[in-house]
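Shown next, in structure tokens, is the structure this report addresses.
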Amino acid sequence: MSLSDIQDRIAKAEAIAGRTAGSVKLIAVSKVQPDARVRAVLDEGHRCFGENRVQEAAGKWPDFRKNFDGIDLHLIGPLQTNKARQAMELAQAIHTLDRPKLAKTLARLAQEMGHCPDLFIQVNTGEEEQKAGVLPRDADEFIAECRGLDLPVKGLMCIPPVDEAPSLHFALLAKIAARNDLTGLSMGMSGDFEQAIALGATHVRVGSAIFGERVSQ
Ligand SMILES: *Cc1c(COP(=O)(O)O)cnc(C)c1O
């Protein structure tokens with residue numbers, strides 16, 4: 001697999017789903033990948049990347065930014081409130097807004113800093129204990145709470161349980177987004193991004209299918 005293979009598959013999936021060409025954003029998930037692989041994808045002209053740890057992102061993206069213009073960095077991993085400021089300085093989007101305390105912190109920092117990354121609310125569609133995200137039944141209330149804080153909520157994000165059909169989770173996320181007038185849907189990874197696109201994904205998060213297997217995590 002390579003970047004262009006994935007781009008082709010996304011284009012096909014868009015066409016099959018009757019979606020506008022180019023309407024799905026590919027987030028190349030570069031976490032724990034060697035810099036040489038990331039640089040190769042940058043050299044091919046791709047600019048949208050995903051990282052799941054603030055620390056790791058802070059360690060490599062400021063340097064890449066010195067050499068490449070227009071980098072669009074998305075944080076897709078759990079965010080501690082004490083890392084929120086650094087996350088907001090680094091990233092153009094945060095996909096893991098998942099609790100009131102974090103919402104309040106982001107709102108306070110947004111006031112202070114005068115800007116805020118695009119936000120996606122993570123929904124724990126599989127209601128898994130070990131997974132972050134608001135429960136589906138609490139989603140409407142939390143979305144309203146975030147909007148009440150003037151946060152720029154662009155959409156919803158989910159990570160389906162590994163042992164279940166992802167489509168059910170993508171459909172549920174799309175339904176919650178639709179009833180809350182949210183257009184962004186961050187869903188779909190290496191193994192299931194075409195299904196996610198069929199169900200309305202606007203952002204797919206693809207790592208290993210582009211970069212190869214991660215060495216460790
Ligand atoms: C690592 C990760 C991905 C990418 O996973 P792949 O299976 O390598 O495509 C997507 N989303 C999140 C939240 C991740 O942590």
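Read-outs throughout are calculated quantities, based only on the coordinates presented, and are distinct from any laboratory measurement. Predicted, not measured: the structure shown is a model, and the values here were computed from it. Counting neighbours? That spans all protein chains shown, and the Cβs are built from the backbone with ideal geometry, glycine included.
Brief remarks on what is shown
- Quotient of Cα Rg and 2.2 N^0.38 Å for region 128-217, N being how many residues it contains: 1.15
- Here the relative contact order of the chain, from alpha carbon pairs under 8 Å that lie six or more residues apart, stands at 23 percent.
- Candidates Gly18, Gly133, Gly200: whichever shows maximal mean-square fluctuation once the chain is modelled as a Gaussian network with Cα springs under 10 Å: Gly18
- Sorting 47-56, 145-154 by average packing, meaning the other beta carbons within 10 Å per residue, from highest down gives 47-56, 145-154.
- Helix-only CD estimate at 222 nm, as mean residue ellipticity for the chain, using -39500 (n - 2.57) per DSSP H run (n ≥ 4): -13000 deg cm²/dmol
- Region 148-201: C-alpha gyration tensor shape, a/c 1.5 cut-off, then a/b vs b/c: prolate
- Lysine pairs meeting the criterion (Cα under 24 Å, 8 or more apart or interchain), as found in the chain: 24
- Rough spin-label spacing in nm, given labels placed 7 Å along Cα→Cβ, for Ser23 and Lys131: 2.5
- Normalised contact order of region 104-160, rounded percent, pairs of Cα under 8 Å and 6 or more residues apart: 44
- For the residues Asp118, Asp69, Asp192, a GNM of the chain with alpha-carbon springs under 10 Å puts the largest fluctuation on Asp69.
- Surrounding net charge for Gln122, when Lys and Arg each add one and Asp and Glu each subtract one, Cβ distance under 10 Å: +1
- By the count of neighbouring beta-carbon atoms within 10 Å, fewest first, His95, His115, His203 end up ordered His115, His203, His95.
- Shape call, region 3-210: gyration tensor on alpha carbons, a/c limit 1.5: oblate
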